[in-house]
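Reviewing the structure listed below.
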Amino acid sequence: MNLIDIAYLKKSYIRTGRIEYSRRKTSQQFSIKLTDAATAILARYHNDSPFAFPVIKRKGNEYLDYISFKRLVNKKLKDIGVLAEISIPLTTYVARHSWATIAKRQGISTAIISEGLGHETEQTTQVYLDSFENDVLDKANELVTG
């Protein structure tokens, strides 16, 4: 899920073990099975708001609440990256890119990855996947050419 969709996720979108929502950017419909980890996260943030997470708090200022949340998440991700000695600054974009890369390395088709990311075309997804490190491509070439 995009961060904005997480921020605006309403409890009413969660039913029968699934999250069913419309992506804000594209209006694409999603139905995602809740994993045990996702269920635990949702339970941790249980609150009295109509939203699943305590992000959107002020009626009329929802977008400002989201922007503040996004800024905080990206700051915390960068802090984690520094502590973990990761050479690139971590962001929510990097998290999505990582999911796509891991999926591709697991042999999941570009079409499925594209659908999972909510991209309108596989060409958009290919931009994510074209950034494989040279060592991955080198190993693939060695396997193919013997």
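FYI, it's all coordinate maths here, none of it is from the lab. Note that the structure is predicted; figures quoted are calculated from it, not measured. No Cβ is skipped: glycine too gets one built from the backbone with ideal geometry, and neighbour counts run over all protein chains shown.
Using 0.36 nm per residue of separation minus the Cα-Cα distance, give me the extension gain between HIS97 and ASP130 in nm, one decimal.
Values: separation 33, 0.36 × 33 = 11.88 nm, distance 1.07 nm.
Gain in length upon complete extension: 10.8 nm.
For SER109, SER68, SER87, what ranking results if the residue with the fewest other Cβ atoms within 10 Å of its Cβ goes first? Write down the numbers at each step before the final one.
Numbers: SER109 11, SER68 14, SER87 5.
Exposure proxy ranking, most exposed first: SER87, SER109, SER68.
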Per residue, the convex hull enclosing the Cα atoms of the range 91-146 spans a volume in Å³ of 81 Å³
For LYS33, list the aspartates and glutamates whose Cα falls under 18 Å from its own Cα; do not include residues on the same chain fewer than 8 positions away. ASP5, GLU20, GLU115
Segment ALA43-ARG15, length gained on full extension (0.36 nm per residue, minus Cα span): 8.7 nm
For a footprinting-style exposure proxy, rank VAL55, VAL73, VAL127 by other Cβ within 10 Å, fewest first. VAL127, VAL73, VAL55
Sparse-neighbourhood loop sites, chymotrypsin sites (Phe, Trp or Tyr not before Pro) in the range 7-54 - DSSP loop, at most 14 other Cβ within 10 angstrom: TYR45
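Ignoring everything except DSSP H segments at least 4 long, calculate the 222 nm mean residue ellipticity for the chain; use -39,500 (n - 2.57) per segment, divide by total residues, nearest 500. Present the calculation step by step, with values, prior to reporting the outcome.
On the way: 7 runs with 78 residues, N = 146.
The helix-only estimate for the chain comes to -16000 deg cm²/dmol at 222 nm.
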Per-pair calculated FRET efficiency, R0 = 41 Å: THR145 and LYS25 via Cβ, rounded to 0.05: 0.50
